[in-house]
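Everything on this sheet refers to the single structure shown next.
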Amino acid sequence: MVTKVASDRQGIQSIEVGFRLLRVLAATNRPMMLRDIAKGAGMPAAKAHRYMVSFLRIGIVEQDSSSGRYDLGAYALELGLSGLGRLDPVRLSGPILEALCEEIQETVALAVWGNHGATIVRIVDSGSPVTITLRPGTVLSLSKSATGRAFSAFYRSPFLKKMLDEELHEAADESKVAITTVRRQLEKTLTDIRAHGISRATGSLTPGINGFSAPVYDHTGSMVASITALGSMGEFNAEWDSPVAKAMLSAAAALSQRLGYGEKAE
């Protein structure tokens, strides 16, 4: 039996038109006014409003009651995580994360690059009495978290550079420090990370919590994910050559190998 390609099939045009609005929201990393969404999708605001009402009902978008701005909703996140969950790194990481958690007795997680940045997609909790507020869907700071720093150091993306620059400008404004100084401090941190092949954060994002994050590469030599471990400062050894760091690097190398990464890909 011959299967026809999608372009030869009769579809529902209104669904295709409506998804133009969702693409505008997905491409803009902030809540938007209806008029701006409609303009981006190339349709009248009145027409866009009818679509947004339906999207609100099914939870794929949400609206702030005070500002009236729209953003992607819980169901959109659910769909996004489901799609990310079908990526090979996520599917293959399970046994490796379980083994790593058992070895180092710390909470471990896998992150990939999503529409809004470095996104946690899988977690193995160590059961430690220390509460670590991390869950699937969490998007982490590119400059302050171990996970974000791993992507900042090793991931190749013009979009990442843009997001990182915006984050650094916000940090400079909040701290009243010159943007050149903030950039210089981060670049020094990233240089250390690249030299050791693993990133770390010592209480810079969550007070009292240390973290390591090791990059995972695919068969092309491109970073596709990171393996992160988190623990309390008193128990988690954040030295570059600590047993935790070595176990992290070993786990990331094992997952990279499963994805076809090797010397020829470097």
Among the residues of the range 78-85, is there at least one that is more than 30 Å from Ser250 (Cα to Cα) and open to solvent by 50 Å² or more (accessible area, probe 1.4 Å)? yes
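Just the residues that are of a type in the set (Ser, Thr, Tyr) and surrounded by 11 or more Cβ atoms within 10 Å (Cβ to Cβ), please, taken from the range 154-180. Don't jump to the end; show me each part of the working.
From the range 154-180, those of a type in the set (Ser, Thr, Tyr) are 155, 157, 175, 180; that's our starting set.
Residues satisfying the conditions are Tyr155, Ser157.
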Is it the case, given these coordinates, that Ala252 is touching a residue at least 12 places away in the same chain (Cβ under 8 Å), buried (at least 21 other Cβ atoms within 10 Å of the Cβ), small (Gly, Ala, Ser) and part of a strand (DSSP E or B)? no
Just a yes or no: is a residue in the range 181-197 surrounded by fewer than 19 Cβ atoms within 10 Å (Cβ to Cβ), touching a Ser or Thr at 6+ places or on another chain (Cβ under 9 Å) and over 15 Å from Ser143 (Cβ atoms)? no
Given (1) at pLDDT 85 or above; (2) crowded, with 17+ Cβ neighbours inside 10 Å; (3) more than 23 Å from Pro89 (Cα to Cα); (4) not small (Gly, Ala, Ser), number of the condition Phe212 does not satisfy: (3)
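A quick yes/no check of all residues on (1) touching a strand residue (DSSP E or B) at 6+ places or on another chain (Cβ under 8 Å); (2) of a type outside the set (A, V, I, L, M); (3) outside any helix (DSSP H, G or I):
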| site | (1), (2), (3) |
| --- | --- |
| Ala153 | yes, no, no |
| Phe159 | no, yes, no |
| Leu164 | no, no, no |
| Thr180 | no, yes, no |
| Arg184 | no, yes, no |
| Val224 | yes, no, yes |
| Ile227 | yes, no, yes |
| Ala238 | yes, no, yes |
So in the range 27-72, with the set limited to residues that are within 17 Å of the chain's Cα centre (by Cα) and surrounded by 11 or more Cβ atoms within 10 Å (Cβ to Cβ), which one is modelled with the lowest pLDDT? Asn29
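Could you check the range 233-245 and list, in sequence order, the residues that are at pLDDT 85 or above and surrounded by 14 or more Cβ atoms within 10 Å (Cβ to Cβ)?
Looking only at the range 233-245, we keep the residues that are at pLDDT 85 or above, and these are 236-245.
Of everything in the range 233-245, those that are at pLDDT 85 or above and surrounded by 14 or more Cβ atoms within 10 Å (Cβ to Cβ) turn out to be Phe236, Asn237, Ala238, Trp240, Ser242, Val244, Ala245.
The values are calculated or read from the model by the stated rules, or taken from the named source; none is laboratory data. Predicted, not measured: the structure shown is a model, and the values here were computed from it. For neighbour counting, all protein chains shown are included, and Cβ atoms are generated from backbone atoms with ideal geometry for every residue, glycine included. Accessible surface is based on the protein model in full, side chains and every heavy atom, while ligands, DNA and RNA are left aside. Shrake-Rupley method; radii C 1.70, N 1.55, O 1.52, S 1.80 Å.
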